[in-house]
Each structure stands twice: as structure tokens, then as C-alpha cells.
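The values are calculated or read from the model by the stated rules, or taken from the named source; none is laboratory data. All values reported here derive from a predicted model rather than from experimental measurement. In this analysis, Cβ positions are derived from the backbone assuming ideal geometry, glycine residues included, and neighbour counts consider all displayed protein chains.
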Amino acid sequence: MSDQKFPQANKSLGQHFLIDQNVIELITTNFTEVAKNVLEVGPGPGVLTKHLASKDLPIFLVEKDARFPALLKEYVNEDDIFLHDALKFDFEEKFKEKNWKDVWLVSNLPYNVSSPLLVQFLQLPSIKYMTLMFQREVADKAFPIDTRVGKAMNSLLALTQNYFEVSLLCKVPQGAFQPPPKVESAVLSFVRRDEPLIPLAEFKAYERFLRHLFRFKRKQVGKILKSYQTDIDKVNEALSAVGRDRTDRAESFKLEEIQKLYIGLKD
């Protein structure tokens, strides 16, 4: 564990500072052998930053809390620290300005905005690798952590795994943080797929389809899809093509079935 002293955690920003050195080491060495550049989002007081900055890779930081840039300057050039809300930051413009590709994104994601941030990151083509810390419950929606339990399909899983190969890097107990959160956490490792079945240009359309499909995930898909695609024959054909029936539930579908269903129903 770390003996580093931290400022008061801001609960409204979902802050929990990582102090477990084993977890820190796993995160900050995850993609050092293949990444060309590093982006850290929400570095806080620099627990991960000081390790990432020692890897001899170009790095920049995006941090919302105005208390931290002064601390982060110890590890990163001041010009590479951006005081900004990550949900509103134009990452691709910054990558273009720096001529960055094959970016490795690292983040101990704020629990209160982890899902929208993940959806935002999925859409950034310059990001090839990601090492992200989530609340265990959210991580389990993007990747079935406990393989002994059958995982119900959901929109975040179908969206994430179309664009990235995902694996579990480690589980993280409450005691690995200061202050300890009320829940367990998990770190997921992401590698972008070179040729996803649904291309990145169709991200918004695919996301809308998934939100519609899983809005009432326990309803029969035939009834759900009737309001998405008014051509009932087309709905029946698309379901038949993936070996599914109108009475099936969306949460029982496999990823490839969801993908092919979307393709079959596209205008």
C-alpha cells in the first residue's frame, strides 16, 4: 500500500484514490510494450501518472478537478495537462494536433460517469488500447467477469465488444482505495478490433438499435422490433437468419446474433 497523502476526495466527482501498489503496477505496465502514446483521464493526484510518465512515452492528461494540476506538474509538462471535463473534451482534435496514433488510454474512471465515458472512448479511432478501472457492477456489463455464471446480453456489452476485444486484468477490493468505496472494482483491458463487424462509421446507428432493443430486454423481441422496423416481414427474415424466434428475449442473444440482427434490419 502507498503512504502518499491525498487531498479530500470529492464525492460529487466519484473520486477514490488507488493505493494498492500491485494494482498500480498491473495497470501502468499493461500496454507499455505496444503503445506509442499515453492518455490518462482523471489522473487526480498522480498515483498512476508518476509511473506512466516514467515509461518514456509521450503523455498528456485530462483532469476536471482544479486542485490537481499543480501536483501533476511534478510528473508531466504543464502544457500536457488539460483542466477540462473529459465528457466535453475533443480528444480526436488533440490527437490530430499531436499527430498521435495507437494511443493507450488509462483511467481510474469516476464511478458516477464511467458508462458514458466508456461509450465516448469507444468512438475515438486513435485509441487502440485501454486500461480502465470500473465499479465491479459496471465492468461486468462490458465483460462477463464471473465466467461460471451465464451472462445476460446487454447493450453496453454488445456495443463494447463489437469494437474491442476485452479481458479482465484484475479484480480490486475496496481496501485498495482511499477512501474505500462501498463496492468492489475491476480493471478491464481493451484492444481495438481492426475490422469490427459493424464499422465505426455506424456507431451511432448501432448504439440507437441497441438502446431500442434492450429498453425492455425481457419483452419478446418481435414486439420490441415492431416499433424499430415497421416491415414485419423484414423483422421475421432477420430473426430467422440468426436462428431466432419472435418470442425470444434480447438478453438471451449472443453477440454475433445481435450484430447480424442489426445488419439484417438496416435500411
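Is it the case, given these coordinates, that residue 188 is in the same structural domain as residue 23 (by TED's automatic domain parsing), closer than 24 Å to residue 34 by Cα and either modelled with pLDDT under 90 or surrounded by fewer than 17 Cβ atoms within 10 Å (Cβ to Cβ) (or both)? Spell out how you get there, then give the answer.
Working: in the same structural domain as residue 23 (by TED's automatic domain parsing): yes; closer than 24 Å to residue 34 by Cα: yes; either modelled with pLDDT under 90 or surrounded by fewer than 17 Cβ atoms within 10 Å (Cβ to Cβ) (or both): no.
Taking the combined requirement at face value, the residue does not satisfy it.
Checking residue 262 against (1) surrounded by 16 or more Cβ atoms within 10 Å (Cβ to Cβ); (2) over 25 Å from residue 122 (Cα atoms), which single condition isn't satisfied?
Of everything listed in (1) surrounded by 16 or more Cβ atoms within 10 Å (Cβ to Cβ); (2) over 25 Å from residue 122 (Cα atoms), residue 262 misses just condition (2).
So which of 85, 79, 56, 90 is under 18 Å from residue 110 (Cα atoms) and exposed (fewer than 15 other Cβ atoms within 10 Å of the Cβ)? Reasoning before the result, please.
On the way: 79 fails: under 18 Å from residue 110 (Cα atoms); 56 fails: under 18 Å from residue 110 (Cα atoms); 90 fails: under 18 Å from residue 110 (Cα atoms).
Criteria check complete, one pass: 85.
How do the strands (runs of 3 or more DSSP E) wholly within region 71-187 filter down when requiring 3 or more residues that are over 20 Å from residue 46 (Cβ atoms): which remain? Before the answer, list the steps.
Details: elements: 81-83, 103-108, 127-135, 164-172.
In region 71-187, 127-135, 164-172 are the strands (runs of 3 or more DSSP E) which contain 3 or more residues that are over 20 Å from residue 46 (Cβ atoms).
Scan (1) closer than 27 Å to residue 126 by Cβ; (2) touching a Pro at 6+ places or on another chain (Cβ under 9 Å) for the single condition residue 158 breaks and write down its number.
Failing condition for residue 158: (2).
Between 53, 66, which is modelled with pLDDT of 95 or more and small (Gly, Ala, Ser)? Give the derivation first.
Numbers: 66 fails: modelled with pLDDT of 95 or more.
Result: 53 is the single residue among 53, 66 that is modelled with pLDDT of 95 or more and small (Gly, Ala, Ser).
Would you be able to tell me the number of residues in region 239-267 that are over 18 Å from residue 207 (Cα atoms) and in a loop (DSSP other than H, G, I, E, B)?
Residues that pass the stated criteria total 7.
Taking region 101-128 only, how many residues are closer than 17 Å to residue 155 by Cα and of a type outside the set (A, V, I, L, M, F, W, C)?
If we filter region 101-128 for residues that are closer than 17 Å to residue 155 by Cα, which is where we start, we get 113-123.
So of that shortlist, the ones also of a type outside the set (A, V, I, L, M, F, W, C) come out as 114-116, 120, 123.
Final tally of qualifying residues: 5.
All but one of (1) touching a Leu at 6+ places or on another chain (Cβ under 9 Å); (2) assigned to a loop (DSSP other than H, G, I, E, B) hold for residue 57; state the number of the condition that does not hold.
Of everything listed in (1) touching a Leu at 6+ places or on another chain (Cβ under 9 Å); (2) assigned to a loop (DSSP other than H, G, I, E, B), residue 57 misses just condition (1).
Run down 157, 210 and say which single residue is within 18 Å of residue 254 (Cα to Cα) and within 12 Å of the chain's Cα centre (by Cα). Full working, then the answer.
Details: 210 fails: within 12 Å of the chain's Cα centre (by Cα).
Result of the check over 157, 210: 157.
Name the residue, out of 180, 144, 199, that is free of Cβ contacts under 8 Å to residues at least 24 places away in the same chain and closer than 25 Å to residue 18 by Cα. So that I can check it myself, show each step before the final result.
Working: 180 fails: free of Cβ contacts under 8 Å to residues at least 24 places away in the same chain; 199 fails: closer than 25 Å to residue 18 by Cα.
Result of the check over 180, 144, 199: 144.
Looking for whichever is closer than 30 Å to residue 125 by Cβ and touching a strand residue (DSSP E or B) at 6+ places or on another chain (Cβ under 7 Å) here; the options are 217, 254. Which one fits? Reasoning before the result, please.
Values: 254 fails: touching a strand residue (DSSP E or B) at 6+ places or on another chain (Cβ under 7 Å).
Just a single option satisfies the conditions, and that option is 217.
What is the number of the single condition among (1) touching a residue at least 40 places away in the same chain (Cβ under 8 Å); (2) buried (at least 24 other Cβ atoms within 10 Å of the Cβ); (3) touching a helix residue (DSSP H, G or I) at 6+ places or on another chain (Cβ under 6 Å) that residue 28 does not meet?
(2)
Within the bounds of region 136-158, is there any residue that is closer than 25 Å to residue 37 by Cβ, assigned by TED's automatic domain parsing to the domain that holds residue 24, crowded, with 22+ Cβ neighbours inside 10 Å and at pLDDT 95 or above?
no
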